[in-house]
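S.K.: Sharing a structure here in structure tokens format.
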Amino acid sequence: MNIGILTFYKVANFGANIQGVSTYYYLKNAGHNPIFLNYLSHRTEDELKKGYNDSIQIKAHLDFVNNVCISQTENLYDSKDVERMINEYHLDAIIIGSDAVVQHHPLLSRIHKGRRRPFYIAHPVPERMFPNPFWGVGFANMIPAAMMSVSSQNSRYSQFSKSLKSKMRETLANMKYISVRDTWTRDMMLAIGTTQNIEVTPDPVFSFNYNAGALVPSEEDLRIRFNLPKQYVLVSLHSQSLSVSILDELNQKLKNHGKECVVFPMPNGVKFQHNFDYQVNVPLSPIDWYALIKYSSGYVGSNMHPIIVSLHNAVPCFSIDHWGTKDFFNRTVRDGSSKVEHIMGVFGLKENVRPINAGVCEVSAEQIVTALQNFPKEKVRAVAAERYEQYKKMMEDIIDCFQKK
């Protein structure tokens, strides 16, 4: 079958690149013809164009995707463009997801306390607001479509109006299959009133070694290119959520266990102070990013997909968690919306998650090191194997529903 993929894949985000590539290669290996439907807003397009010229890291993200995923459409800006590609590429079906493609952020959830002004209102790009093609608007009644492990990225669904939920429910009714990546999104779907059976299913990164493992460089090659110590623990933070003194203590305690801390960049580089001896710099290819985590002795840091890569490869990990809904004062609300807390809970590792509040994570170096040293590798391998089996069943169910039409 010719199967279109609608997701965040061609963006400056390591995890988004890797999850999209995983889906692409699953379909390719199964004998299908996958085509990325490159939906984005004009605002995002302008930012990526500028970034490609100005940022060596954004260029690394886009070049990686372009090199490993040959079948992509031109840029698409709305549902009419998607409909045009359905006809042009003779698509038989469309998979929406994975990633945070079913977002909607009501006005009240976008009002926050300002630094210079009393408050400000955030203005998400159209891809993160209903209606848009990620919700199947405009085409899901024309062609078999499935939502695969989708996420709502902390959307405050309790603030959705009745009329909005009615419109969402109407478009979701056209889906042949819906699964979600976390319980927050499942509860959002239930609040909308969708009648489908909504399962919580794994992120495609949980199958990356099986779907696209041939792309991953060898450990020997990686160690030579990055001049890595024998045992290293990656540390990756958006900001100074761990103080320099805590990082110094963390470094020394890990040295006592024969490990070295290595600074690991975010897409925008390294934005925290440290005294470590080793640092990975940008530009960094997403496939090297994946391999650096896979071959590491541990990961300490923010973002979700590094945690998923760690769990997929039974690498000890500890989350400095910045996810979850935020109140007016930008404080994290521990309401179950953190996607990292959800996935760590699946593995019985909620104690390996600490939230960031007011820019600071209240955790000691001793707590982090103890969690890494006591990490239950065999248990994690077993749960990761279960996740892979769940992933395979999900993909088989999706293909079956397409073939039934």
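S.K.: Once you keep just the Cα pairs under 8 angstrom separated by 6 or more residues, what percentage relative contact order results for the chain? Walk me through the intermediate numbers first.
M.R.: Details: 763 pairs, mean separation 63.4, N = 405.
Across the chain, relative contact order equals 16 percent.
S.K.: At q = 0.13 Å⁻¹, what log₁₀ I(q)/I(0) does a Debye calculation on the Cα points of region 217-374 give, no solvent, two decimals?
M.R.: At q = 0.13 Å⁻¹ the computed log10 ratios are -0.56.
S.K.: If a/c stays under 1.5 just call it rounded; otherwise compare a/b with b/c (prolate if a/b is bigger, oblate if not). Do that for region 60-170, with a ≥ b ≥ c from the square roots of the Cα gyration tensor eigenvalues.
M.R.: On the way: a/c = 2.49, a/b = 1.49, b/c = 1.67.
The shape class here is oblate.
S.K.: Between region 136-189 and region 271-320, how far is it from one alpha carbon centroid to the other, in angstrom?
M.R.: 32 Å
S.K.: Cα centroids of region 1-67 and region 84-100: how far apart, whole angstrom?
M.R.: 14 Å
S.K.: What percent antiparallel are the DSSP beta bridges of region 121-275, to the nearest 5?
M.R.: 10 percent
S.K.: Out of these labelled values of Cα extents along the principal axes in Å, (i) 71, 54, 45; (ii) 61, 52, 44; (iii) 65, 49, 36, which was calculated from the coordinates shown here?
M.R.: Label (ii) holds the value from this structure.
S.K.: Share of antiparallel DSSP beta bridges in the chain, in percent to the nearest 5? Show your work: numbers first, answer last.
M.R.: Values: 7 of 42 bridges.
Of those bridges, close to 15 percent are antiparallel.
S.K.: May I pose another question? Could you please rank VAL360, VAL263, VAL11, placing first whichever residue has the fewest other Cβ atoms within 10 Å of its Cβ?
M.R.: With the fewest neighbours first, VAL360, VAL263, VAL11 line up as VAL360, VAL263, VAL11.
S.K.: A follow-up question, please. Hey, can you grab everything whose amide H is under 5 Å from the amide H of ASP321? Only 5+ residues off in sequence or another chain; H modelled, so Pro and N-termini drop out.
M.R.: ARG354, ILE356
S.K.: Okay, next question. Run down the lysines and flag those whose C-alpha is under 23 Å from the C-alpha of LYS176, throwing out any fewer than 8 positions away in its chain.
M.R.: The reachable lysines, counting only those whose Cα sits under 23 Å from LYS176, are LYS28, LYS80, LYS165, LYS167, LYS392, LYS393, LYS404, LYS405.
S.K.: Mind sorting VAL346, VAL262, VAL21 by how few other Cβ atoms lie within 10 Å of their own Cβ, fewest first? Please report the intermediate quantities before stating the final value.
M.R.: Working: VAL346 16, VAL262 22, VAL21 25.
By the 10 Å Cβ count, ascending: VAL346, VAL262, VAL21.
S.K.: With both bridge residues required to lie in region 217-374, what share of the DSSP beta bridges run antiparallel, to the nearest 5%?
M.R.: Roughly 20 percent of the beta bridges in region 217-374 run antiparallel, per DSSP.
S.K.: While we're on this one: If the cut-off is 27 Å between C-alpha atoms, which lysines fall inside it for LYS259, apart from same-chain ones fewer than 8 positions away?
M.R.: LYS230, LYS271, LYS294, LYS350, LYS377, LYS379
S.K.: Step through the residues of region 164-176 one at a time and calculate ³J(HN,Hα) from phi using the Karplus curve (6.51 cos²θ - 1.76 cosθ + 1.60, θ = phi - 60°), rounding each to whole Hz and writing x for Gly and Pro.
M.R.: Along region 164-176, the couplings run 5, 4, 5, 5, 5, 4, 5, 6, 5, 4, 7, 6, 6 Hz.
S.K.: Report the full-extension gain for the segment LYS377 to ASP54: residue separation times 0.36 nm, less the Cα-Cα distance, to one decimal in nm.
M.R.: On the way: separation 323, 0.36 × 323 = 116.28 nm, distance 4.13 nm.
That works out to 112.2 nm of additional length.
S.K.: Go ahead and estimate [θ] at 222 nm for the chain from helices alone: -39,500 (n - 2.57) per DSSP H run with n ≥ 4, summed, over the residue count, rounded to 500.
M.R.: -12000 deg cm²/dmol
S.K.: Among 158-165, 85-92, how do they line up from the highest to the lowest mean number of other beta-carbon atoms within 10 Å?
M.R.: Output ranking for 158-165, 85-92: 85-92, 158-165.
Read-outs: derived from the displayed coordinates by stated rules, not from any lab. None of these values were measured; they are calculated from a predicted model. Cβ: placed from backbone, ideal geometry, glycine included. Neighbour counts: every protein chain shown.
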